[in-house]
1. Just name the residue that is modelled with the lowest pLDDT out of those in the stretch 77-89 that are in contact with a Phe, Trp or Tyr (Cβ under 8 Å, 6 or more places away or on another chain) and in a loop (DSSP other than H, G, I, E, B).
2. Any residue at all in the stretch 188-208 that is under 25 Å from LYS148 (Cα atoms) and among the aliphatic types (A, V, I, L, M)?
3. Of all residues being among the small types (Gly, Ala, Ser) and either in contact (Cβ under 8 Å) with a residue 60 or more places away in the chain or under 17 Å from PHE23 (Cα atoms) (or both) in the stretch 233-263, which is surrounded by the most Cβ atoms within 10 Å (Cβ to Cβ)? Just the residue, please.
4. Take the residues in the stretch 193-229 that are of a type in the set (Lys, Arg) and touching a helix residue (DSSP H, G or I) at 6+ places or on another chain (Cβ under 6 Å); name whichever of them is nearest to ILE134 (Cα to Cα).
5. When both residues are 6+ apart or on different chains and their Cβ atoms are under 7 Å apart, which pairs have a first residue that lies in the stretch 3-25 and is in a helix (DSSP H, G or I), and a second that is of a type in the set (A, V, I, L, M) and surrounded by 12 or more Cβ atoms within 10 Å (Cβ to Cβ)?
6. Just checking, how many residues over the stretch 210-223 are under 19 Å from the mean Cα position of the chain (by Cα) and either surrounded by fewer than 16 Cβ atoms within 10 Å (Cβ to Cβ) or without any contact (Cβ under 8 Å) to a residue 40 or more places away in the chain (or both)?
7. Condition first: in a loop (DSSP other than H, G, I, E, B), surrounded by 12 or more Cβ atoms within 10 Å (Cβ to Cβ) and basic (Lys, Arg). Now tell me which residues in the stretch 95-122 satisfy that.
8. Have a look at LYS32, LYS49, LYS12, LYS44 and point out the one that is surrounded by 15 or more Cβ atoms within 10 Å (Cβ to Cβ) and modelled with pLDDT under 95.
Amino acid sequence: MVTVYSITEGKKGAINLGEVFSFPLREDLIKKAVLTSQANRRQKYGANKLAGLRTSAHYHGASNVYPHAKMAGRGIARLPRIHGEGPLLFMAREAPQVVKGRKAHPPTPDKNFTKSMNKKEKKLALYSALSASINKELILKRGHKIEKLKEVPLVVEDKFTGLKKTKDVASVLNSLGLELELNRAKEKKIRAGKGKKRGRKYKKKKSALIVVSEKCNLQKAARNIQGIETSLVRNLDVEKLAPGNSPGRLTIFTKSAVELLNKLEV
C-alpha cells in the first residue's frame, strides 16, 4: 500500500502496487535493452564512394611512353600521376598517402549497427527497471537527492496532470520534497576532450521521470525544468527508467498511471 499525495493538501488516500513492481533486479537485461535501443537509433554513415577518385591520374608503369618522367626504376615512386600539361604534371593522386588522395579504409554506409532482443527478455528488462525505480537504495546509489522526499515510490493525484505553468509544477515538486533534487539537476559540467566542440559542451544530469496515463498539459509545463522528463505509460522503455544502464531513476507516478501499470500482464 502506497500513499497518494495531493498537490495542495498532503495525503489523499492510498493505492496498491501490482506485481509489475515486484520483479527482481536484472542488471544484465537492463544493460542489454539500453544498448539495443541505442544501437537501433544509430544512423549509418560513410565516405562518398568517389571521394579522392575524381581525377585523371593514372599509372603508366615503365617509362617508355614518358622517358623524361623517370617512372618505374628511375627514381620516382610507382603512383598514379597526372599526365598532360600544366603545373600539376606528374603530381601523384588517388593513392591513400598522397595529397588529395582517397582514404585507406573509410567507414562504409553498408555497415549494419542494429541489434535484436527477445520479446520476453525485453519485457523482463522493463519490469525489472520499473521495480528498481521504487527501490530507495538504488535511487540513492544513482545520486538522486531524496532526503526530504515524503515517500518512495511517490504517487500523486491526477490533478497534477492539469497544471499548465512551469512555475506551478516546480512549486508542487518542491512541496513534495524534491527541492534538493531539482537543485542538483541544475548543475552542469563542461565536457572533457573534443566533444565540447561538437555541440555537446555541457554534461547535464537526469532528474525525476514523471509517468502519466495519457497526454496532458503537464508534459509541456514540465519540460522546461532542468532534468525532468515525462512519459506516457504506453511509451515507457528501459532507457527512460535506467539512463546510462544505471537502474533506480527517481520516478513520480500519477494515480491513474499506477492503475494502468497494475493491469499489465506479468
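1. ARG78
2. Checked against the condition, which is being under 25 Å from LYS148 (Cα atoms) and among the aliphatic types (A, V, I, L, M), the stretch 188-208 yields at least one hit.
3. By that ranking, first place goes to ALA242.
4. LYS206
5. Short answer, once both residue conditions are applied: VAL20/LEU130; VAL20/LEU261; VAL20/LEU264; PHE21/LEU130; PHE21/ILE134.
6. 1
7. LYS100, ARG102, LYS115
8. LYS12
The values are calculated or read from the model by the stated rules, or taken from the named source; none is laboratory data. Everything numeric here is computed off the predicted structure, so don't read it as measured data. Counting neighbours? That spans all protein chains shown, and the Cβs are built from the backbone with ideal geometry, glycine included.
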